[in-house]
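Here is the structure we will look at.
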Amino acid sequence: MTKFPQSFPNTRMRRLRQSSWVRSLVAENTLTPADLVWAVFIHDGEGRTPVGSLPGIDRLSIDEAAKTAKRAERLGIPAIALFPYIGPEGKDEEGTGALDPDGLVPRALRAMKDAAPGVGLITDVALDAYTSHGHDGLLDPDGTIPNDATVERLVKQALAHAKAGADIVAPSDMMDGRIGAIREAFDEEGFTNMMILSYAAKYASGFYGPYRDAIGSAKSLQGDKKTYQQDPANSDEALREVALDLAEGADMVMVKPGLPYLDIVHRVSSTFGVPTLAYQVSGEYAQIMAAAQNGWIDGDRVIMESLMCFKRAGASGIITYFAEKAAEALG
């Protein structure tokens, strides 16, 4: 029997790292534009307006959103996730604007579908952008969220999006039973092919601050969302939530935030074997951008490294504000 020197495994690994072509050849994971979902903010105005806490990110008018859909198509980005900015005049206690069939999101969906029919459109189903109190659901006088009454409104919101041309609705509210209720309503209304991406493992995180600024809920939020979003201390809870949402009819599931929760991405993906998306949230984006702008990190390198980490953990796709930049780099 041949005896190999003690250093043999180590020298082999060094040889397989010595040039870029061999590193590419033996790479365990590959990142392409098809892995990306472009997170886009829209507003009911003209042109673009910058989001101060998200350097390089603008809220887009409907016309600009349509151009972005064409841009995604050219770059090979398969889908766009839409998030609306609603000014104070469009908010009320019950989030009525979320149900408007001619509201901002339905109009943007129609324009974007006309511009780029082949790009998938994912809509956020939650009331936080539309409520004067900033919560994802209705709010009782005692500060609690009435689950069933909120679900009724979420169903109407999801139907409005489906009728306007959404390809996937993504309930991010974390109310109990909303996936089953939406699926039942879709079946009754003839939308049997509508896909549901459930924010099944959404944590009560401190990484959402810039997002709330971008959708206009940061100043209005009363209290916090710890009673209906998951505790960052818990991992098994995420698996229970995912199992429930899949049983109710979800087609794919989401883990949010992203990088601090790669263990959850891996557990969900490996346990259930269903399409598992991760959301590289606003706080993650802002941290990378701030460090890059201060010269503390190589921003371009860290962006691509962070996205590869999602793939390595088992994510089927990544919702990210870096989608355009990454797709350009990937060619």
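Here the peptides 267-278, 213-224 are ranked by packing, the mean other Cβ count within 10 Å, and the order with the highest first is 267-278, 213-224.
When every alpha-carbon pair in the stretch 80-232 is counted, what percent end up more than 20 Å apart? Tail fraction, whole percent: 46.
Net charge of the neighbourhood of Ala126, taken over other residues with C-beta under 9 Å away and scored Lys/Arg +1, Asp/Glu -1, is -4. Result for the chain in a Gaussian network model with C-alpha springs under 10 Å: among Thr30, Thr123, Thr96, the largest mean-square fluctuation is at Thr30.
Across the stretch 20-61, the convex hull enclosing all Cα atoms gives 123 Å³ per residue.
Candidate membrane-span-like segments in the chain, meaning DSSP H helices with Cα atoms spread over at least 24 Å of their own axis and a Kyte-Doolittle mean of -0.5 or above, are 147-164, with no membrane implied. All other residues whose Cβ lies under 12 angstrom from that of Asp176 are scored, Lys and Arg at +1 and Asp and Glu at -1, for a net of -3. Pull out a ≥ b ≥ c, the square roots of the eigenvalues of the alpha-carbon gyration tensor of the stretch 35-94, then state rounded if a/c is under 1.5, prolate if not and a/b is larger than b/c, and oblate in the remaining case. Taking the square roots of the gyration eigenvalues as a ≥ b ≥ c, the stretch 35-94 is prolate.
Once the Cβ-Cβ distance of Arg15 and Glu73 is raised to the sixth power relative to R0 = 41 Å, the FRET efficiency obtained is 0.50. Highest GNM mean-square fluctuation among Met254, Met13, Met112, for the chain modelled with Cα contacts below 10 Å: Met13.
Placing a label point 7 Å from the Cα of Ala243 along the Cα-to-Cβ direction, no residue of the stretch 308-331 has a backbone N closer than 16 Å. Projecting the Cα atoms of Leu36, Trp21, Gly76 onto the dipole axis of the stretch 1-117, where Lys and Arg carry +1 and Asp and Glu carry -1 at the beta carbon, places Trp21 farthest toward the positive end. Across the chain, Cα pairs under 8 Å and at least six residues apart give a relative contact order of 19 percent. Can you tell which of Gly165, Gly45, Gly190 shows the greatest fluctuation in a Gaussian network model of the chain with Cα springs below 10 Å? Looking only at Gly165, Gly45, Gly190, the largest GNM fluctuation is found for Gly190. Available extension along the chain between Thr96 and Asn193 is 32.3 nm, counting 0.36 nm per residue and deducting the alpha carbon span.
Over all pairs of different C-alpha atoms in the stretch 30-330, the reciprocal of the mean inverse distance, the Kirkwood hydrodynamic radius, equals 19.1 Å. Other residues lying with their Cβ under 11 Å from the Cβ of Ala98 contribute a combined charge of -4, Lys and Arg counting +1, Asp and Glu -1.
Considering only beta bridges that DSSP places wholly inside the chain, some 10 percent are antiparallel.
Fully extending the segment from Ser220 to Asp114, taken as 0.36 nm per residue of separation minus the present Cα-Cα distance, adds 34.7 nm.
Each value in this text was obtained by applying a stated rule to the coordinates, not by laboratory testing. Please read these numbers as outputs of a predicted model, since none were measured by experiment. Every residue, glycine among them, receives a Cβ derived from its backbone with ideal geometry; neighbour counts consider all protein chains shown.
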